[in-house]
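Have a look at the structure below, then the notes.
The values are calculated or read from the model by the stated rules, or taken from the named source; none is laboratory data. Note that this is a predicted model, so its numbers are computed, not measured. Please note: Cβ atoms are built from the backbone with ideal geometry, for glycine as well, and neighbour counts cover all protein chains shown. Heavy atoms of the whole protein, side chains included, go into the accessibility calculation; ligands, DNA and RNA do not. Shrake-Rupley method; radii C 1.70, N 1.55, O 1.52, S 1.80 Å.
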Amino acid sequence: MKNKILRNMLIPGVVAVLAVVIPALLIQIGVIDGYNAQVITLGGVNAIMAISVNMVCGITGQLSLGQAGFQAIGAYSVILLCTKLNVPMPLAIVAGGLIAAFFGFLIGFPTLKLEGDYLAIVTLAFGEIILVVLTNLKNLTGGPNGLQFSTLFTTSLDYGALISYLSVIGTLVIIIILLQNFLRSTYGRAILSVREDEVAANSTGISVFRYKMIGFVIASFIGGIGGALYAPFIGFVKPDLASFNNSINELIYVVLGGMGSITGGVVAAFVLTILQEVLRFLKDYRLLIYPVILILVMLFRPQGLLGNRELSFVGAFDYFAALIKGKKSSKKAVAKAEEKGVE
């Protein structure tokens with residue numbers, strides 16, 4: 001039993017370390033150039049936002065159309081904390097997530113007590129309000145021109161791409177590990193039960209409103225972290241970050257990856273981010289790729305890439321181990337049959 005638990009922890013841990021370390025080494029030695037490193041890092045930011053949307057829509061079972069608003073809050077918060085209050089970058093990033101979580105609590109507290117699609121309407125309005133506020137607070141946010149943010153991520157030619165990659169992808173891996181463990185806990189199981197059937201969950205003594213709030217606040221925090229990492233990586237933030245179109249793009253990652261599948265949303269975010277850069281030669285026509293892919297997925301695989309399942313590295317390891325073991329046993333059987341035939 002202990003060996004099985006150790007193996008289940010060791011295999012994903014090794015894969016996570018390799019996923020961070022190998023590309024970082026390739027960036028350091030120049031195999032992956034600065035441009036491609038930025039594309040991968042941007043995919044990591046989009047993957048974090050996909051997890052944020054998935055936490056609300058796929059795991060908690062609510063519809064949110066304004067997660068980009070929390071991303072904008074996190075982005076502007078980290079800039080203002082670092083430039084105005086001289087807060088260290090790591091603390092500012094965490095603070096950006098906490099500020100976004102606070103706004104998530106303010107929105108969710110009156111809304112999640114209601115039934116239906118009220119959360120979608122309120123979050124849509126929240127995103128537009130954030131957009132208007134950021135556009136008009138010119139003295140604080142720079143207005144429609146946005147804010148520039150010079151950091152080691154953007155000013156260091158030698159190490160900027162590497163630092164950006166390690167910061168974003170490292171945070172992404174930590175978020176996935178923590179969230180997967182949370183979903184296996186009592187609180188996570190309660191949230192999943194609320195998603196499946198609110199009436200049944202309530203009848204067993206589970207507070208539906210409480211666990212909806214927990215899921216929504218966690219999603220807001222993750223969205224704020226995504227924005228707080230986006231600002232120092234890009235070095236420039238505009239109010240358009242909170243736009244409805246940006247929220248829809250983040251929702252597309254989840255729809256394509258699979259509602260309720262964290263790893264599915266992450267894979268979809270990386271694939272679509274890289275695909276958008278690969279098809280840049282098509283200019284504005286590449287914007288047609290998203291709706292075409294979405295239509296095809298809705299027609300042929302409406303549950304998304306992985307549905308509500310997760311990629312399991314332990315399961316993949318067991319599969320290949322059994323495959324290799326089966327080949328070895330078949331070779332032994334053939335050898336024994338040949339020996340008997342010779343005799």
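The table below lists the values:
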{"quantity": "Enumerated helices (runs of 4 or more DSSP H) restricted to the range 91-195, each holding at least 3 residues that are of a type outside the set (Asp, Glu) and more than 29 Å from MET213 (Cβ to Cβ)", "calculated": "138-141, 152-155, 160-183"}
{"quantity": "Answer residue from the range 29-53, given it is part of a helix (DSSP H, G or I) and modelled with pLDDT under 85 and is most open to solvent (accessible area, probe 1.4 Å) among those", "calculated": "TYR35"}
{"quantity": "Residue in the range 303-323 that is modelled with pLDDT of 80 or more and over 21 Å from ILE59 (Cα atoms) present", "calculated": "no"}
{"quantity": "Flag if GLU196 is under 30 Å from LEU80 (Cβ atoms) and of a type in the set (Asp, Glu)", "calculated": "no"}
{"quantity": "Enumeration of residues in the range 218-246 that are open to solvent by 10 Å² or more (accessible area, probe 1.4 Å) and over 15 Å from the mean Cα position of the chain (by Cα)", "calculated": "PHE233, ILE234, GLY235, PHE236, LYS238, ASP240, LEU241, SER243, PHE244, ASN245"}
{"quantity": "Enumeration of residues in the range 96-122 that are buried (at least 19 other Cβ atoms within 10 Å of the Cβ) and among the small types (Gly, Ala, Ser)", "calculated": "GLY96, GLY97, ALA100, ALA101, GLY104, GLY108"}
{"quantity": "Selection within the range 19-47 - of a type in the set (Ser, Thr, Tyr) and touching a residue at least 60 places away in the same chain (Cβ under 8 Å)", "calculated": "THR41"}
{"quantity": "Filter result for the condition that a residue is over 16 Å from ALA50 (Cβ atoms), surrounded by 16 or more Cβ atoms within 10 Å (Cβ to Cβ) and not acidic (Asp, Glu), over SER167, SER185, SER261, SER203", "calculated": "SER167"}
{"quantity": "Scan of the range 226-242 for residues that are touching a strand residue (DSSP E or B) at 6+ places or on another chain (Cβ under 9 Å) and among the charged types (D, E, K, R), ordered by number", "calculated": "LYS238"}
